[in-house]
Amino acid sequence: MTTRIGEHRSKAQWVGVVVLAAALWVLVWSVRPAKAPEPVQAAPKASAPEAPPRAGRAASAAAASAAVARAPAEDPAPIIDEIEVEKPEVCAGEENLITVRSHTTNGTDEYLHGVIGTRAGSRVPLRIWPEMDGSYEMPTISVFGRNNAVTQIEVPRYKVNACKPERIVVITHRLLPSTPGEFELTAQIVDVGLKDDPDARPFKPASYAWVFDDGGSEKTKAPFVTHSYERRPQTALVSEFLIRVEVQGEAGEKLTGRALLQIPNMMFQDLAERGVVTIAATPTPRFPRQDADGVVRQTFRLWHHRDAPVRIDTVTAMRHFAGASSASPLDKASLGLVEIPPGQGVDVEVRLDTAREPDVFTVTYMLEGETAEGHAARGTFSLMKPPPAPTKESSTPVMEPVLLAKIKRARELLAQEFVTDEDIWRLEREGKMADLDVSPPLTKEP
């Protein structure tokens with residue numbers, strides 16, 4: 001079902017904005033988070049229609065004229081051109097992909113970003129759960145332009161039936177710490193229509209086929225996968241990726257889930273609003289380690305999005321001391337860099353000798369240079385001294401039997417003296433903790 005909206009200027013109130021979730025950057029010279037809308041007011045509740053509407057029915061001229069927008073004079077509100085509804089009717093909780101296409105009248109389309117209901121993005125797999133009486137609300141679409149000039153309109157009405165899908169797949173994501181764009185995606189199978197059926201046949205997943213919407217795909221046995229979006233083109237305020245996973249069961253049955261991942265583009269903002277090209281840094285390993293000789297070593301891959309090399313003019317370093325209220329003055333430093341080539345960039349290794357500098361816990365490097373077009377180029381990254389290894393004297397003993405068993409298993413599997421919560425969490429999701437016998441021992445009655 002496709003809804004076309006004529007070029008209209010909306011008339012009601014402009015909604016406020018909240019800060020968009022910013023991707024965690026290992027380096028930024030100076031960034032300002034992008035903005036996103038505050039939750040919009042829900043539309044008035046309506047009863048479920050008796051029959052599925054015709055394509056375009058909800059896109060009547062009345063609905064178009066009811067759209068809400070107001071913007072500063074210098075940035076008119078975006079124009080919503082088309083709203084595409086994937087299915088004219090669905091079951092309660094079933095995905096229905098809503099796609100919104102829009103444009104600006106002053107040539108600032110790169111600032112367009114939107115929210116459908118409570119989900120950020122212009123392609124959202126929407127789920128609607130009717131009330132007990134069968135009524136439900138149609139969410140609001142909010143499309144924002146530069147300076148958050150906004151246009152709002154209700155999602156075209158489609159029919160939500162009282163039926164429920166047997167199971168649904170919910171995709172969640174999280175940005176991995178100390179990365180500029182590597183995400184962990186997790187697929188969770190939720191029983192919906194079968195949760196109250198004691199005779200329902202269980203679904204045993206055998207494989208997960210992931211499509212990342214950037215040309216990449218992967219197949220896993222576990223219900224999670226990691227994928228890097230750090231090299232995405234940053235030519236707009238946000239990048240959107242419609243992630244899809246197909247779960248195949250042991251009996252051959254299949255389930256499909258989708259989720260939209262919207263990532264703010266800080267490099268775009270730095271160049272568009274400040275005229276600065278950002279130099280990014282990706283650390284390996286993600287967390288610093290101190291070797292037996294007392295030296296902390298970490299490699300950083302320095303890169304940028306320009307098509308030509310970026311010249312590096314100066315590198316300075318600032319040391320932060322434990323217990324000190326201020327850092328050291330800036331000192332000239334050498335990373336052996338003359339320029340950073342386009343593409344994959346260049347690797348540099350930095351070190352901190354904890355024996356020679358025992359009070360230093362962080363060294364921050366700042367780079368300044370220039371592009372071939374004359375843009376300033378800046379970046380920063382930090383080498384941190386890791387915390388001391390835990391000892392019996394400095395640690396609180398773990399007494400909980402389940403956690404003790406997991407720690408022991410993780411140490412055996414990873415061949416490490418120490419393991420982290422992230423190590424245990426990863427092994428759990430890989431199914432390597434499922435066979436642990438953590439039941440309390442039986443005690444004889446006196």
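What strands (runs of 3 or more DSSP E), lying completely within the range 147-215, carry at least 2 residues that are open to solvent by 60 Å² or more (accessible area, probe 1.4 Å)?
In the range 147-215, 167-175, 182-191 are the strands (runs of 3 or more DSSP E) which contain 2 or more residues that are open to solvent by 60 Å² or more (accessible area, probe 1.4 Å).
Of everything in the range 387-403, what is closer than 28 Å to Asp291 by Cβ and open to solvent by less than 80 Å² (accessible area, probe 1.4 Å)? Give them in sequence order.
Ala389, Pro390, Thr391, Ser395, Val398
Counting just the residues of the range 229-272 that are part of a strand (DSSP E or B) and either without any contact (Cβ under 8 Å) to a residue 12 or more places away in the chain or over 18 Å from the mean Cα position of the chain (by Cα) (or both), which one comes out nearest to Gly121 (Cα to Cα)?
Of everything passing the filter in the range 229-272, Thr256 is nearest to Gly121 (Cα to Cα).
Return the pair list, or none, for Cβ contacts closer than 6 Å from residues in the range 395-417 that are more than 16 Å from Glu428 (Cα to Cα) to residues that are open to solvent by 70 Å² or more (accessible area, probe 1.4 Å) and not polar (S, T, N, Q), at least 6 apart or on different chains.
Sorted first by the residue in the range 395-417, then by its partner, the pairs are Val398/Leu404.
Tell me, please, whether a residue that is modelled with pLDDT of 90 or more, among the β-branched types (Val, Ile, Thr) and farther than 18 Å from Ala281 by Cβ can be found in the range 367-390.
Scanning the range 367-390 turns up no residue that is modelled with pLDDT of 90 or more, among the β-branched types (Val, Ile, Thr) and farther than 18 Å from Ala281 by Cβ.
Being within 19 Å of Val360 (Cβ to Cβ) and within 22 Å of the chain's Cα centre (by Cα) is the filter here, so list the residues in the range 285-299 that pass it.
Phe287
If only one of Gly193, Gly215 is of a type in the set (Gly, Ala, Ser), within 30 Å of Trp303 (Cα to Cα) and either free of Cβ contacts under 8 Å to residues at least 12 places away in the same chain or in contact with a Lys or Arg (Cβ under 9 Å, 6 or more places away or on another chain) (or both), which one is it?
Result: Gly215 is the single residue among Gly193, Gly215 that is of a type in the set (Gly, Ala, Ser), within 30 Å of Trp303 (Cα to Cα) and either free of Cβ contacts under 8 Å to residues at least 12 places away in the same chain or in contact with a Lys or Arg (Cβ under 9 Å, 6 or more places away or on another chain) (or both).
Give, as residue ranges, the strands (runs of 3 or more DSSP E) completely inside the range 341-390 that count at least 1 residues that are of a type in the set (Gly, Ala, Ser).
360-370, 376-384
Out of curiosity, is Pro165 at pLDDT below 95 and touching a Leu at 6+ places or on another chain (Cβ under 8 Å)?
Spelling it out, it is not the case that Pro165 is at pLDDT below 95 and touching a Leu at 6+ places or on another chain (Cβ under 8 Å).
Could you check how many residues of the range 285-299 are out of contact with any Ser or Thr (no Cβ under 8 Å at 6 or more places or on another chain) and either farther than 23 Å from Gly345 by Cα or assigned to a loop (DSSP other than H, G, I, E, B) (or both)?
4
Against the conditions (1) under 23 Å from the mean Cα position of the chain (by Cα); (2) surrounded by fewer than 18 Cβ atoms within 10 Å (Cβ to Cβ); (3) of a type in the set (S, T, N, Q); (4) not in a loop (DSSP other than H, G, I, E, B), where does Thr282 fall short? Just the number, please.
(2)
Quick one: in the range 256-279, which of the residues that are open to solvent by 30 Å² or more (accessible area, probe 1.4 Å) and not charged (D, E, K, R) is nearest to Thr371 (Cα to Cα)?
Step by step, filter the range 256-279, then rank; the result is Leu271.
For the range 303-320, which residues satisfy the criterion of being under 16 Å from Arg351 (Cα atoms) and either free of Cβ contacts under 8 Å to residues at least 24 places away in the same chain or not polar (S, T, N, Q) (or both)?
Listed by number, the residues that qualify are Val315, Ala317, Met318, Arg319, His320.
Looking only at residues in the range 404-438 that are farther than 22 Å from Phe287 by Cβ and of a type in the set (Gly, Ala, Ser), which one is surrounded by the fewest Cβ atoms within 10 Å (Cβ to Cβ)?
Once the filter is applied, the top-ranked residue is Ala434.
Which condition number in (1) in a loop (DSSP other than H, G, I, E, B); (2) open to solvent by less than 40 Å² (accessible area, probe 1.4 Å); (3) among the small types (Gly, Ala, Ser) is the one that Ser142 fails?
(1)
Would you please name the residue that is nearest to Pro386 (Cα to Cα), looking only at residues in the range 296-307 that are open to solvent by 20 Å² or more (accessible area, probe 1.4 Å) and in contact with a strand residue (DSSP E or B) (Cβ under 9 Å, 6 or more places away or on another chain)?
It comes out as Arg297.
Quick one: what pairs do we get from the range 78-107, first residue modelled with pLDDT under 95 and buried (at least 21 other Cβ atoms within 10 Å of the Cβ), second assigned to a strand (DSSP E or B) and hydroxyl-bearing (Ser, Thr, Tyr), C-beta under 6 Å, 6+ apart or different chains?
none
Anything in the range 300-334 that is within 32 Å of the chain's Cα centre (by Cα) and not in a strand (DSSP E or B)? List them, or say none.
Selection gives His304, His305, Arg306, Asp307, Ala308, Pro309.
The values are calculated or read from the model by the stated rules, or taken from the named source; none is laboratory data. Just so it is clear, the structure is predicted and the values come from calculations on it, not from any experiment. Neighbour counts run over all protein chains shown; Cβ positions are idealised from the backbone, glycine included. Each accessible area value is taken on the protein alone, full model and side chains, heavy atoms only, with ligands, DNA and RNA left out. Shrake-Rupley method; radii C 1.70, N 1.55, O 1.52, S 1.80 Å.
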